[in-house]
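The values are calculated or read from the model by the stated rules, or taken from the named source; none is laboratory data. In this text the structure is predicted, and so the values were computed from the model without any measurement. Quick reminder, even Gly has a Cβ in these numbers, built from the backbone with ideal geometry, and neighbours come from all protein chains shown. Remember, those area values only see protein heavy atoms, side chains included, never the ligands or the DNA or RNA. Shrake-Rupley method; radii C 1.70, N 1.55, O 1.52, S 1.80 Å.
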Amino acid sequence: MRSLMLLADLQLLVRPSKRLTKYAEPSLCSTGEALNVVIGSNTIALTCAGQRAQELGFRSVVLSPGVCGDVRLVSRLYGLLARFACSREEPSPEIAAEVLRLGPEVGVESWDLCRTMQVLGEGRNEGWGATCLLAGGEPTVELTGKGRGGRNQELALRVGMELRGLELPPQGPVFLSGGTDGQDGPTEAAGAVTDGGLYYEARAQGLDINSVLSDNDSYTFFSRLSAAQRLLVPGLTCTNVMDVHVLLIPAIPIEIS
């Protein structure tokens, strides 16, 4: 239930809000020159999302507001972080090594990756409860087809494939990618929500994910899958501070021997 509430709230996270005024408190310029003030940014969006996650009982951690690069590499990074955080045993050192290798290729500093993995590891080992991992930026998609979609929907689709084999919610992770302007590519959606059951859900409904990815047809895919329940459709927000990525990690039970 907390996950559903947070995902619903994220649809409204960049609409005009009095909560943003504390980030911009300009004073009058005595010289008469123009004064420019940044009243919105991806960092502010992530901060507000983190605050709302905490209100809902999640422990929030911001990975980076500068995620970029090939969406295939970005999805791989999120898949590895999910497996690192959800492992009931100490994760393989190879996972952390690959995370650190991928980081520079997708605009994430090694320091931020180490800090994030430390928080995720402490949460797993000490039973801190559910975690909301936040990041932002604008990955890129290599166009190989003529389908309809956008980088957020394709990222969500690819992350869903990376999560294949993990437990389903609420025992397993949930991933959301959405454009803060409310529109992802030439579609009505801002993004989509996925989890480890995406592949099997699609196969049961006769949808071929590999063909969808080859044709860059993620919007058509999510529109047909389960009556479009996984699409994120908040409407236009009249602002644009890049994209927001959310990875919800469930609480990992501590086994006492």
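Quick notes on this one:
- First in the stretch 112-130 and under 16 Å from residue 171 (Cβ atoms), second anywhere and open to solvent by less than 30 Å² (accessible area, probe 1.4 Å) and assigned to a loop (DSSP other than H, G, I, E, B), Cβ under 6 Å, 6 or more apart: 124/252; 130/58; 130/250
- The single condition among (1) under 12 Å from the mean Cα position of the chain (by Cα); (2) open to solvent by less than 60 Å² (accessible area, probe 1.4 Å); (3) farther than 28 Å from residue 89 by Cα that residue 138 does not satisfy is (2).
- Among the residues of this structure, residue 153 does not count as one that is in contact (Cβ under 8 Å) with a residue 40 or more places away in the chain and surrounded by fewer than 14 Cβ atoms within 10 Å (Cβ to Cβ).
- Any chance residue 77 is outside any helix (DSSP H, G or I) and over 20 Å from residue 185 (Cα atoms): no
- Pair list, Cβ under 7 Å, 6 or more apart: the stretch 69-81 residue farther than 17 Å from residue 117 by Cα, other residue open to solvent by 10 Å² or more (accessible area, probe 1.4 Å) and among the β-branched types (Val, Ile, Thr): 69/140; 70/140; 71/140; 71/141
- Restricting attention to the stretch 56-74 and to residues that are in a helix (DSSP H, G or I) and open to solvent by less than 50 Å² (accessible area, probe 1.4 Å), the residue that is nearest to residue 135 (Cα to Cα) turns out to be 74.
- Among the conditions (1) among the charged types (D, E, K, R); (2) at pLDDT 95 or above; (3) not in a helix (DSSP H, G or I), the only one that residue 88 does not satisfy is (2).
- Filter result (hydroxyl-bearing (Ser, Thr, Tyr) and open to solvent by 20 Å² or more (accessible area, probe 1.4 Å)) within the stretch 208-257: 211, 214, 219, 220, 223, 226, 239, 257
- Taken as a whole, the structure places residue 204 among residues that are farther than 30 Å from residue 122 by Cα, surrounded by fewer than 17 Cβ atoms within 10 Å (Cβ to Cβ) and more than 21 Å from the chain's Cα centre (by Cα).
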